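Novice: Sharing a structure, written as structure tokens. Questions coming.
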């Protein structure tokens, strides 16, 4: 969990408001961990008290920040090891879910969005098969 001096609350997501000339942080903090995507599979950073440890590597496999220490967080401000101060902003994520047939009607029920990858793969597969079928039909007509 987050340390109270960080300013972050449990269960809430916070993103780094990036500056042009500062290191970019595309993910978000949630419960003391830093994630790159909404699927919450792997944390690439975490808080040790107020210290932000960021496990990001450069092209040669070396940590972006020395000893993986990116900086510290206090009162929703991430101060990087080079002194750059970046503000943290609470993210508002509200995605309605459809109730199951066995569930009672959902009122104000919100959850983290699920990845859309399986649906995209199914659509892509159908398009590919449709294209192959059209190509075979056109070939038979000649």
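Novice: Report whether or not residue 39 is out of contact with any strand residue (DSSP E or B) (no Cβ under 9 Å at 6 or more places or on another chain) and in contact (Cβ under 8 Å) with a residue 40 or more places away in the chain.
Specialist: Yes.
Novice: What are the residues in region 50-75 that are within 11 Å of residue 23 (Cβ to Cβ) and in a strand (DSSP E or B), if any?
Specialist: Answer for region 50-75, where residues must be within 11 Å of residue 23 (Cβ to Cβ) and in a strand (DSSP E or B): 54, 70, 71.
Novice: A follow-up question, please. Can you tell me which of 47, 78 is out of contact with any helix residue (DSSP H, G or I) (no Cβ under 8 Å at 6 or more places or on another chain), part of a strand (DSSP E or B), modelled with pLDDT of 90 or more and under 23 Å from residue 7 (Cα atoms)?
Specialist: Among 47, 78, only 78 is out of contact with any helix residue (DSSP H, G or I) (no Cβ under 8 Å at 6 or more places or on another chain), part of a strand (DSSP E or B), modelled with pLDDT of 90 or more and under 23 Å from residue 7 (Cα atoms).
Novice: If we keep just the residues of region 13-30 that are in a loop (DSSP other than H, G, I, E, B) and under 13 Å from the mean Cα position of the chain (by Cα), which is surrounded by the fewest Cβ atoms within 10 Å (Cβ to Cβ)?
Specialist: Checking each candidate, the answer is 26.
The values are calculated or read from the model by the stated rules, or taken from the named source; none is laboratory data. None of the values given here were measured: they were computed from a predicted structure. All Cβ positions, glycine included, derive from the backbone under ideal geometry; neighbour counts span all protein chains shown.
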